[in-house]
Amino acid sequence: MKVWAVSNQKGGVGKTTTVVALAGLLADQGQRVLVVDLDPHGSMTSYFGHDPDSLTSSVFNLFQHKGQVPQGLAAALLLDTSHENIKLMPSSTSLATLERQSAMQGGYGLVLSRALTQLWDDYEFVLIDSPPLLGVSMINALAACEQLVIPVQTEFLALKGLERMVHTLDMVNRSRKQALPFTIVPTLFDRRTQASLSTLRALRHDYADHLWQAYIPIDTKLRDASLAGLVPSRLDNSARGVLAYRALLRYLLAQSLPRRNKVA
Ligand code: ADP
Ligand code: MG
């Protein structure tokens, strides 16, 4: 089972879109995919047709068990989606209270990671969507994953958010055996705007080692898909956004191969 998280301490940068697109592409290839919504806003939960305001159980339930997550609880929380190969661990608005409650207590950093071990045999991929703020949820996402994707909107001030995210990562890495590998993905790219072009240039200059060399263009079909709750991979195959996500997936899969198998 491979676990990837998509995070950035900034909203509206394409985190949820990235999770849904990658999940859809993997699921179309026949992979069993679990998507985990750790954002209290529950955009991804809504995307897949469930209402985060009225769900009685959600990923929040895991956090009511500080030490061991009871056997079977993780599986019991999963919901079906419109794609037969994608299951959803939904968010709910109660997740927002988590940040307040547990910030004082600590000891909640590995809850998701422990819960996922119960699902080891059931999924090839777990993709985690995280909230745009540093807190218990994001720490759980970073602790549970083996690869991190950081979408960065190619827009003014985007680099500030990225700096914060990389700083958070440094902090998290102090308690990991190995530094968490990460890939920066330029998103919402509009070649007609100076802001997009100059942000891309700055990323290439400052973060060359961790940057995916291409970008996800602005594609209204992706926005429409999110309104319709349609998994992007089911869009017209020639949609530019879908083609870009397909290339990104190939890159991430190559990155996640064990190092000795990597072609130099
Ligand atoms: P986040 O999860 O970081 O807040 P979202 O993935 O929800 O960001 O994206 C924010 C908004 O931008 C959504 O309305 C989404 O449909 C839209 N969007 C995301 N990526 C693209 C894209 N490549 N082209 C057009 N619209 C996009
Ligand atoms: Mg989101």
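Numerical summary
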{"quantity": "Helices (runs of 4 or more DSSP H) enclosed by segment 138-248 - at least 1 residues per element that are closer than 15 Å to residue 19 by Cα and without any contact (Cβ under 8 Å) to a residue 40 or more places away in the chain", "calculated": "220-228"}
{"quantity": "Filter result (of a type in the set (S, T, N, Q) and assigned to a loop (DSSP other than H, G, I, E, B)) within segment 249-261", "calculated": "256"}
{"quantity": "In segment 113-133, residue surrounded by the fewest Cβ atoms within 10 Å (Cβ to Cβ) [restricted to those that are under 14 Å from the mean Cα position of the chain (by Cα) and over 10 Å from residue 39 (Cα atoms)]", "calculated": "125"}
{"quantity": "Top-ranked residue in segment 4-18 [being over 17 Å from residue 232 (Cβ atoms) and touching a helix residue (DSSP H, G or I) at 6+ places or on another chain (Cβ under 8 Å); ranked as farthest from ligand 1 (Cβ to nearest atom)]", "calculated": "5"}
{"quantity": "Of the criteria (1) closer than 15 Å to residue 3 by Cβ; (2) within 16 Å of ligand 1 (Cβ to nearest atom); (3) at pLDDT below 90; (4) of a type outside the set (Asp, Glu), which one residue 176 fails", "calculated": "(2)"}
{"quantity": "Selection status of residue 225, closer than 17 Å to residue 25 by Cβ, within 16 Å of ligand 2 (Cβ to nearest atom) and surrounded by 15 or more Cβ atoms within 10 Å (Cβ to Cβ)", "calculated": "yes"}
{"quantity": "For residue 127: the one exception among (1) in a loop (DSSP other than H, G, I, E, B); (2) under 20 Å from residue 253 (Cα atoms)", "calculated": "(1)"}
{"quantity": "From 185, 231, residue being under 17 Å from residue 29 (Cα atoms) and surrounded by 15 or more Cβ atoms within 10 Å (Cβ to Cβ)", "calculated": "231"}
{"quantity": "Options 182, 189, 156; residue that is modelled with pLDDT under 90 and either in contact with an Asp or Glu (Cβ under 8 Å, 6 or more places away or on another chain) or of a type in the set (A, V, I, L, M, F, W, C) (or both)", "calculated": "156"}
{"quantity": "Qualifying residue in segment 208-229 (condition: modelled with pLDDT under 95, within 16 Å of residue 151 (Cβ to Cβ) and among the hydrophobic types (A, V, I, L, M, F, W, C))", "calculated": "yes"}
{"quantity": "Residues (in contact with a helix residue (DSSP H, G or I) (Cβ under 9 Å, 6 or more places away or on another chain) and either modelled with pLDDT of 95 or more or surrounded by fewer than 16 Cβ atoms within 10 Å (Cβ to Cβ) (or both)) located in segment 94-109", "calculated": "97, 101, 103"}
{"quantity": "Candidates 203, 249, filtered to the one that is more than 20 Å from residue 162 (Cβ to Cβ) and not basic (Lys, Arg)", "calculated": "249"}
{"quantity": "All helices (runs of 4 or more DSSP H) inside segment 1-91 with 1 or more residues being out of contact with any Lys or Arg (no Cβ under 8 Å at 6 or more places or on another chain), within 13 Å of ligand 2 (Cβ to nearest atom) and among the β-branched types (Val, Ile, Thr)", "calculated": "15-28, 43-47"}
{"quantity": "Flag for residue 112 being touching a Ser or Thr at 6+ places or on another chain (Cβ under 9 Å) and part of a helix (DSSP H, G or I)", "calculated": "yes"}
{"quantity": "Residues within segment 192-221 that are farther than 20 Å from residue 239 by Cβ, among the small types (Gly, Ala, Ser) and touching an Asp or Glu at 6+ places or on another chain (Cβ under 8 Å), tallied", "calculated": "1"}
{"quantity": "Boolean, residue 188 is within 16 Å of ligand 2 (Cβ to nearest atom), over 22 Å from residue 59 (Cβ atoms) and of a type outside the set (Phe, Trp, Tyr)", "calculated": "yes"}
{"quantity": "Neighbours by Cβ (under 7 Å, 6+ apart or cross-chain): first from segment 77-100, over 21 Å from residue 33 (Cβ atoms); second surrounded by fewer than 16 Cβ atoms within 10 Å (Cβ to Cβ)", "calculated": "93/53"}
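The values are calculated or read from the model by the stated rules, or taken from the named source; none is laboratory data. What you see is a predicted model; the values in this text were computed from it and never measured. When we count neighbours, we look across all protein chains shown, and the Cβ atoms used for this are built from the backbone with ideal geometry, even at glycine.
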